[in-house]
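The values are calculated or read from the model by the stated rules, or taken from the named source; none is laboratory data. None of the values given here were measured: they were computed from a predicted structure. Ideal geometry is used to build each Cβ from the backbone, glycine not excepted, and the neighbour counts take in all protein chains shown.
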Amino acid sequence: MTDFIFIIPAGGVASRLRPLRYPKELLPVVFTRADDGTGHFRPVVAIECTLSAMMTAGLRKGIIVTNTDKLELQKYLGNGSELGLSLVYAIQPKATGLPQAIDLAGEWTLGSNVCLALPDTVFRPETAIAQICDALRTTGADLVLGVFPTEHPEKLGPVSLRDDGTVVRVQDKPANSSVKNTWGIAAWRPSFTALLRESVRAWEDTDREHELTLGSIFENAIDVGLRVRAVNFADGQYNDVGTPEGISAWIASSVDEIRRK
C-alpha cells in the first residue's frame, strides 16, 4: 500500500503508569520465538505489535511522534530498516493532545492516505489495519474507523453506527454509554487531514484552555458532510496496555489463551 503513510503518536508521558521510568511503548506484552534458530523466546514490546499490524497491511512508511524524553524509543526502533520499515520521527515538545500530535506529521502526509494506530494498544485481528485500509479504498469514504467491543466505553471512544457501517456519532469518554464498543484504529484520505489541521489551527488561535479530542474532530467530520464509515470487529479484541488495568487484563487474557491451547 504505497499510497498510505502510517502515524503512531507516542508523545505521551505515561502518567497512568507512574513510577514507570521508561517509555510505555517498550513494555513487553508478548513473547515469541527468536529468529536466530536457538528456539529461545524473545519479548515483543507494545509498539512492535502496532508496527507488525502495519506490516501485515503492507504499510512500510511511517512517522512516530515522540518527545525529547523518549530517546530509548528511537534507539530501539532506529530508522526501521531492521524491521523492513522506513521510519521518521517528529518531536512533540509538549503533550498537548492526540490531534496536535497527528498534526505534527501533517507535512509528511499531505496528499497521502493515512493510517493511525496507538503504540500502547494491542488489538485483534491483526488484519484489522488491512481491512480498514481496504474499506477506505473501496467505499469512497473520507474516514474509516476500526471499532472493537469493550466493557468500558466510558474510558474510551464509543461509536454509534448503522448496519451498513455508516458512522452516526463518535463520543469521547462519555459518562454513560449504551454502545459497548470503541474506535481503536483509523484510516483517512487527505480530505480528513485538511479538516484535522484546520481544527488544530482553530484551537491554537482561540481555545487552548480546553482539550481538543480526536473524537470531536471525527464528529465534526460527520457534521461537515465527510463520509465516515466503520469496520466493526464484533469478535475482535482491543486492549489499552498503557494503564495498570489494561496491562493486567491483557496478561490475564493471554494466559487464558495459552491454557486453552
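Checking PHE148 against (1) surrounded by 15 or more Cβ atoms within 10 Å (Cβ to Cβ); (2) assigned to a loop (DSSP other than H, G, I, E, B), only one condition comes out false. Which one?
Failed condition: (2).
Among the residues of the stretch 180-191, which ones are surrounded by fewer than 19 Cβ atoms within 10 Å (Cβ to Cβ) and either of a type in the set (Val, Ile, Thr) or touching a residue at least 40 places away in the same chain (Cβ under 8 Å) (or both)?
Correct list: PRO190, SER191.
Being assigned to a strand (DSSP E or B) and either within 17 Å of ILE132 (Cα to Cα) or in contact (Cβ under 8 Å) with a residue 40 or more places away in the chain (or both) is the filter here; which residues of the stretch 45-86 pass it?
Within the stretch 45-86, LYS61, GLY62, ILE63, ILE64, VAL65, THR66 meet the criteria.
Within the stretch 152-172, work out how many residues are free of Cβ contacts under 8 Å to residues at least 40 places away in the same chain and part of a loop (DSSP other than H, G, I, E, B).
5
So, in the stretch 159-179, of the ones that are β-branched (Val, Ile, Thr) and over 27 Å from LYS94 (Cα atoms), which residue ends up surrounded by the fewest Cβ atoms within 10 Å (Cβ to Cβ)?
Step by step, filter the stretch 159-179, then rank; the result is VAL168.
I'd like to check something: does the stretch 105-122 contain any residue that is surrounded by fewer than 18 Cβ atoms within 10 Å (Cβ to Cβ), over 21 Å from LEU196 (Cα atoms) and at pLDDT 90 or above?
No, the stretch 105-122 contains no residue that is surrounded by fewer than 18 Cβ atoms within 10 Å (Cβ to Cβ), over 21 Å from LEU196 (Cα atoms) and at pLDDT 90 or above.
Quick one: in the stretch 211-232, which of the residues that are surrounded by fewer than 20 Cβ atoms within 10 Å (Cβ to Cβ) and of a type in the set (Gly, Ala, Ser) is nearest to ILE7 (Cα to Cα)?
SER216
Considering only the stretch 127-141, state which residues are over 19 Å from ARG227 (Cα atoms) and surrounded by fewer than 16 Cβ atoms within 10 Å (Cβ to Cβ).
Residue satisfying the conditions is THR127 alone.
So how many residues does the stretch 198-220 have that are touching a helix residue (DSSP H, G or I) at 6+ places or on another chain (Cβ under 6 Å) and either assigned to a helix (DSSP H, G or I) or β-branched (Val, Ile, Thr) (or both)?
4
Can you spot a residue in the stretch 239-258 that is at pLDDT below 95 and within 21 Å of GLN131 (Cα to Cα)?
Yes, the stretch 239-258 contains at least one residue that is at pLDDT below 95 and within 21 Å of GLN131 (Cα to Cα).
So THR68 ticks every box in (1) over 22 Å from ARG189 (Cβ atoms); (2) at pLDDT 90 or above; (3) surrounded by fewer than 16 Cβ atoms within 10 Å (Cβ to Cβ) but one. Which box is left unticked?
Unmet for THR68, out of (1) over 22 Å from ARG189 (Cβ atoms); (2) at pLDDT 90 or above; (3) surrounded by fewer than 16 Cβ atoms within 10 Å (Cβ to Cβ): (2).
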